[in-house]
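*Asks:* Before I ask anything, let me first share the structure, which is written out below as structure tokens.
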Amino acid sequence: MLTKEEIQYKIDYEIIVDSHDEYEMSMGWYYFMEESITFPFKATAQLKKRDGSIEKKEVIIVGLSSDEESFMSNDFELEMETEQHINKISFSKLSNIKASAETLEAFTIWNYWITK
């Protein structure tokens, strides 16, 4: 598990280093996530049903859907496989992520960034 100081170091010197504006920071996050996340992985997703209720279901995450500009907000999108379809899902809708250590570390760093 990374300390807060190690997380902050990675953010400052590996992810957003030399960024001058929000777009450049977003690009840094995009490339960091693209390089750090190993697909596929499993997670529990909060899925909205037609009647408006929420269903929690285990899904397989197969890719990064967001582009270089998408990390300017406090969320980003991934691609999930459900039956025979690929759909987008916000990272914030996922829990119980079962992924590689490097992937989990990237998500820990992102969560630290958006909550500080």
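The values are calculated or read from the model by the stated rules, or taken from the named source; none is laboratory data. What you see is a predicted model; the values in this text were computed from it and never measured. As a convention, Cβ positions derive from the backbone with ideal geometry for all residues, glycine included, and neighbour counts pool all protein chains shown.
*Asks:* Can you tell me how many residues in the stretch 44-91 are under 30 Å from SER19 (Cβ atoms) and touching a strand residue (DSSP E or B) at 6+ places or on another chain (Cβ under 9 Å)?
*Replies:* Step one: of the stretch 44-91, the residues under 30 Å from SER19 (Cβ atoms) are 61-80, 88-91.
Next, from what is left, pick out any that are touching a strand residue (DSSP E or B) at 6+ places or on another chain (Cβ under 9 Å): 61-66, 70, 75-80, 88-91.
So the count comes out to 17.
*Asks:* Condition check: of a type outside the set (A, V, I, L, M, F, W, C), part of a helix (DSSP H, G or I) and under 19 Å from LYS116 (Cβ atoms). Does TYR23 satisfy that? Even if it seems obvious, please write down each step before you answer.
*Replies:* Values: of a type outside the set (A, V, I, L, M, F, W, C): yes; part of a helix (DSSP H, G or I): yes; under 19 Å from LYS116 (Cβ atoms): no.
No, not satisfied.
*Asks:* Looking only at residues that are among the small types (Gly, Ala, Ser) and part of a loop (DSSP other than H, G, I, E, B) in the stretch 72-116, which one is modelled with the lowest pLDDT? Quick ask: steps written out before the conclusion?
*Replies:* Applying the first criterion (among the small types (Gly, Ala, Ser)) to the stretch 72-116 yields 73, 90, 92, 95, 99-101, 106.
So of that shortlist, the ones also part of a loop (DSSP other than H, G, I, E, B) come out as 73, 99-100.
Numbers: SER73: 89, ALA99: 98, SER100: 98.
Step by step, filter the stretch 72-116, then rank; the result is SER73.
*Asks:* So, one more: Could you tell me which numbered condition GLU55 fails, if it satisfies all but one of (1) exposed (fewer than 14 other Cβ atoms within 10 Å of the Cβ); (2) in contact (Cβ under 8 Å) with a residue 24 or more places away in the chain; (3) more than 12 Å from the chain's Cα centre (by Cα)?
*Replies:* Evaluating GLU55 over (1) exposed (fewer than 14 other Cβ atoms within 10 Å of the Cβ); (2) in contact (Cβ under 8 Å) with a residue 24 or more places away in the chain; (3) more than 12 Å from the chain's Cα centre (by Cα) leaves (2) as the failure.
*Asks:* Follow-up question, since we're still on this one. Quick check on my filter: what residues within the stretch 58-88 are among the acidic types (Asp, Glu), surrounded by 14 or more Cβ atoms within 10 Å (Cβ to Cβ) and more than 20 Å from SER26 (Cβ to Cβ)?
*Replies:* Narrowing the stretch 58-88 to residues among the acidic types (Asp, Glu): 58, 67-69, 75, 77, 79, 81, 83.
Still in the running and surrounded by 14 or more Cβ atoms within 10 Å (Cβ to Cβ): 68, 77, 79, 81.
Passing the criteria: only GLU81.
*Asks:* Might you check whether a residue that is basic (Lys, Arg) and touching a residue at least 24 places away in the same chain (Cβ under 8 Å) occurs anywhere in the stretch 33-42?
*Replies:* So the first thing to find is which residues in the stretch 33-42 are basic (Lys, Arg), and the list is 42.
Subsequent filtering for residues that are touching a residue at least 24 places away in the same chain (Cβ under 8 Å) retains 42.
Yes: the stretch 33-42 contains one or more residues that are basic (Lys, Arg) and touching a residue at least 24 places away in the same chain (Cβ under 8 Å).
*Asks:* List every residue pair whose Cβ atoms lie under 8 Å apart, where the two residues are 6 or more positions apart in sequence or sit on different chains, the first residue falls within the stretch 96-115 and is farther than 17 Å from GLU58 by Cβ and of a type in the set (S, T, N, Q), and the second residue, located anywhere, is at pLDDT 95 or above and part of a loop (DSSP other than H, G, I, E, B).
*Replies:* Taking only residues 6 or more apart or on different chains, the pairs are SER100/THR38.
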